[in-house]
Amino acid sequence: MGAKVTGVDISEKGIHTAQELNKKCETDATFVVSDIYDLPNHLDQQFDIVFTSYGTIGWLPDVNKWAVIVNQFLKKGGRFVFAEFHPVVWMFDDNFDKIAYRYFNSGAILETEVGTYADKNAAIKQSYVMWNHSLSEVVNNLIKNGFEINSLNEYDYSPYDCFQNTIEFEPKKYR
């Protein structure tokens, strides 16, 4: 539709897949492999819209540093769109059987899982580190870095079947 898009991800495999889709769709997107905190060393542009998608900030220990970087890449008068799972989700264990973690960021959470969020049956066992960030931690860091919050919506479902034991109760809505 004419937009010039730049995508960023830490995963080389993810970027490779995006580049293949870009070719198939005959679009003109650019992709950068980078840790978000290191992005200023790999990209020197500003954008009308910056979008952060589901499941991103839990991998980041420092939400303020993230907000600084988002602000750096956003043109004056631009729009930041942020879609993220509600932080209450990250309080539960992987099976959603019990509350296992604090709502507030109290340090790194170390976990091991079999499979991936994209393929729950994948023959992969992986360990990872993540952090819980409360709504106030995220929103206050955005405000502190000059963002004006025009709307804040919460939803009681996931648009993806990426958690254990979810049920699709409407098309593309999982609880």
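The values are calculated or read from the model by the stated rules, or taken from the named source; none is laboratory data. All values derive from a computational prediction rather than experimental measurement. In this analysis, Cβ positions are derived from the backbone assuming ideal geometry, glycine residues included, and neighbour counts consider all displayed protein chains. Protein only, heavy atoms only, side chains kept; ligands, DNA and RNA dropped before computing areas. Shrake-Rupley method; radii C 1.70, N 1.55, O 1.52, S 1.80 Å.
What the table below lists for this structure:
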| quantity | calculated |
| --- | --- |
| Yes/no for A3 being exposed (fewer than 15 other Cβ atoms within 10 Å of the Cβ) and farther than 21 Å from D161 by Cβ | yes |
| Meets criteria (modelled with pLDDT under 95, open to solvent by less than 60 Å² (accessible area, probe 1.4 Å) and closer than 28 Å to K13 by Cα) for I109 | yes |
| Residue check for F80: assigned to a strand (DSSP E or B), closer than 17 Å to I57 by Cβ and open to solvent by less than 70 Å² (accessible area, probe 1.4 Å) | yes |
| Filter result for the condition that a residue is open to solvent by 40 Å² or more (accessible area, probe 1.4 Å), over 30 Å from N71 (Cβ atoms), over 18 Å from the mean Cα position of the chain (by Cα) and among the basic types (K, R), over K144, K120 | K120 |
| Filtered residues of the stretch 6-26 (kept if surrounded by fewer than 15 Cβ atoms within 10 Å (Cβ to Cβ), assigned to a helix (DSSP H, G or I) and free of Cβ contacts under 8 Å to residues at least 12 places away in the same chain) | K13, G14, H16, T17, E20, L21, K23, K24, C25 |
| Inter-residue pairs, beta-carbon under 8 Å, first closer than 20 Å to F104 by Cβ and in the stretch 137-154, second assigned to a loop (DSSP other than H, G, I, E, B), 6+ apart | E137/F104; E137/N105; V138/E84; V139/I149; V139/L152; L142/I149; I143/I149; E154/H86 |
| Identity of the residue in the stretch 147-164, in contact with a strand residue (DSSP E or B) (Cβ under 9 Å, 6 or more places away or on another chain) and among the hydroxyl-bearing types (S, T, Y), that ends up surrounded by the fewest Cβ atoms within 10 Å (Cβ to Cβ) | Y155 |
